[in-house]
Amino acid sequence: MVEEALPSKVRARVPSTTNGTARNRPTPLHEVTLGTETRIRTGVNELDRVLGGGIMHGSLILIAGDPGIGKSTLMTELGKYIPDRKFLYVTGEESTRQVKLRAERLGVDSDNFFLLSETNVESIIDAAQEIEPDVMVVDSIQTVFRPDIESAPGSVSQVRESASALMQITKEMNFPTFLVGHVTKQGSIAGPRVLEHMVDTVLHFEGDRHHAYRILRSVKNRFGATNEIGVFEMHEDGLAEVKNPSEIFLSEREYDISGSTVICAMEGTRPVLVEIQALVTPTSYGTPQRTATGYDGRRLQMLLAVLERREGLRLSTHDVFVNAAGGVRLDEPGVDLGVVIAVASSFRDREVDRSTIFVGEIGLGGELRTVGMLEPRLKEAEKLGFARAVVPRNNARGLTGGAIEVMPADRLHQVLDWVL
Ligand SMILES: Nc1ncnc2c1ncn2[C@@H]1O[C@H](COP(=O)(O)OP(=O)(O)O)[C@@H](O)[C@H]1O
Ligand SMILES: [Mg+2]
């Protein structure tokens, strides 16, 4: 339970537009005018794609992530990507000096980069009205406050009401605003979760702080596909785009070990090849453990049950660990087949051919079910030099053959016979 203070009678000076102008009346669709350009392209493909093709004017974008993951870095660099746009960076966490130091390290050198160290939403709005930015960043939403709301910055009501005031100015002046939000360990009660309904776009910035790779993922987007990812690598001088993430996710593949397969998952509109690793060891005592990293644990349980019941693998006396290499998170049924084969491969201690990829959903009967967008997946695999792809038979129909050999299968045991 979270205590929420009632708003006081004094309302904040959020901009009022109701002057009886036509703006607030219903308008026939064909009379609604669009600007000549509706999106600002940053020129950074990994970012533009995640946003659905550029930053939409008048959109409110939440960028959420763990502390230290690189949100401020990405937002500061945004100023570098769009040097001829007026860029207002509001920081509530750092001093202007700190931001300046970071900007220098990142090589941001733009006359249009404006910096404001401020936490009062009213002053932020005043500043925005004064300099009329093309893009605004508020870092972070947890540090700003509205004086008319009595609770502390970072509390649910402050976060929600501050965001709502910033949303009004964003829509009003029709410039995009990025809100930076920290995700807290406790499931973020006072964090960005309360904002997800309000904003147009929610981007998660993920990655392991101990690795250089960072994934920017759209989990909600009113102006583009969701689950689109952009991959970056953190360097001292900033975030570098990673043009071909498959190469990275496969780069640490060990030679000649059992329990390793390659799958091709669709991340938004883009196919990504990922190595799946499984380790199956006899349970020494008690209940067998099932641990999945980067993959749904319950889905794994289900697949293990299928392997046990339909294919006769005695997994109930074994611990099973499954890992999607490279820190990605796979939540698509099309990766099932690769997971199952990795587990079976480790269980039998037989290696799987390195040049084969696996695509397919597994049903409870041990059957291979069709997946969407097979062709882009096969193209990606072909590009990275894979020779064979095991796919569901129904998918293989009408497939225009590329250089990759397609092996259609309708049952799991067929695939197990082939590869193990
Ligand atoms: N001098 C530096 N050289 C290289 N990397 C740095 C340097 N300073 C900070 N970083 C990187 O930037 C990260 C912090 O990024 P930041 O954008 O401040 O995170 P957030 O805003 O998400 O909390 C650090 O974890 C580190 O990886
Ligand atoms: Mg920060």
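LEU307 meets the stated requirement of being modelled with pLDDT of 90 or more, part of a helix (DSSP H, G or I) and crowded, with 17+ Cβ neighbours inside 10 Å. Counting only residues that are in contact with a Phe, Trp or Tyr (Cβ under 9 Å, 6 or more places away or on another chain) and open to solvent by 40 Å² or more (accessible area, probe 1.4 Å), segment 206-223 holds 1 of them. Applying a threshold of 7 Å to beta carbon distances and a minimum spacing of six or more residues, or different chains, the list of pairs starting in segment 68-82 at a residue that is among the charged types (D, E, K, R) and ending at one that is open to solvent by 10 Å² or more (accessible area, probe 1.4 Å) and more than 8 Å from ligand 1 (Cβ to nearest atom) reads GLU77/VAL108; GLU77/LEU239; LYS80/GLY107; LYS80/VAL108; LYS80/SER110. Screening the candidates HIS211, HIS204 for the property of being within 16 Å of ligand 1 (Cβ to nearest atom) and under 17 Å from ALA324 (Cα atoms) yields one hit, HIS211.
Out of VAL322, VAL328, one residue alone is of a type in the set (A, V, I, L, M), at pLDDT below 95 and at negative phi. It is VAL328. Taking the criterion of being exposed (fewer than 14 other Cβ atoms within 10 Å of the Cβ) and either in contact with a Gly (Cβ under 6 Å, 6 or more places away or on another chain) or part of a helix (DSSP H, G or I) (or both), the only residue of segment 363-384 that qualifies is GLU375.
Table: residues versus (1) within 23 Å of GLN98 (Cβ to Cβ); (2) within 16 Å of ligand 1 (Cβ to nearest atom); (3) open to solvent by 10 Å² or more (accessible area, probe 1.4 Å).
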site: ALA127; (1), (2), (3): yes, no, yes
site: ASP134; (1), (2), (3): no, no, yes
site: VAL138; (1), (2), (3): yes, yes, no
site: ILE141; (1), (2), (3): yes, yes, no
site: PRO147; (1), (2), (3): no, no, yes
site: PRO153; (1), (2), (3): yes, no, yes
site: VAL156; (1), (2), (3): no, no, yes
site: GLU161; (1), (2), (3): no, no, yes
site: ALA165; (1), (2), (3): no, no, no
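Meeting the requirement of 3 or more residues that are open to solvent by 70 Å² or more (accessible area, probe 1.4 Å), within 16 Å of ligand 1 (Cβ to nearest atom) and of a type outside the set (A, V, I, L, M), the helices (runs of 4 or more DSSP H) wholly within segment 23-105 are 96-105. From the list ARG298, ARG329, ARG310, ARG354, the one residue that fits, being closer than 26 Å to ASP256 by Cβ and among the basic types (Lys, Arg), is ARG354. Screening ALA409, ALA344, ALA387 for residues that are open to solvent by 10 Å² or more (accessible area, probe 1.4 Å) and more than 15 Å from VAL274 (Cα to Cα) leaves exactly one candidate, ALA387.
Does GLY360 count as open to solvent by 40 Å² or more (accessible area, probe 1.4 Å), within 28 Å of the chain's Cα centre (by Cα) and of a type outside the set (D, E, K, R)? So GLY360 fails the test.
Which members of segment 231-265 meet the condition of being open to solvent by less than 20 Å² (accessible area, probe 1.4 Å), farther than 13 Å from VAL339 by Cα and either of a type in the set (Lys, Arg) or more than 16 Å from ligand 2 (Cβ to nearest atom) (or both)?
VAL231, VAL242, PRO245, SER246, PHE249
The values are calculated or read from the model by the stated rules, or taken from the named source; none is laboratory data. Since the structure is predicted, the reported quantities are computational estimates derived from the model, not experimental observations. Every residue, glycine among them, receives a Cβ derived from its backbone with ideal geometry; neighbour counts consider all protein chains shown. Each accessible area value is taken on the protein alone, full model and side chains, heavy atoms only, with ligands, DNA and RNA left out. Shrake-Rupley method; radii C 1.70, N 1.55, O 1.52, S 1.80 Å.
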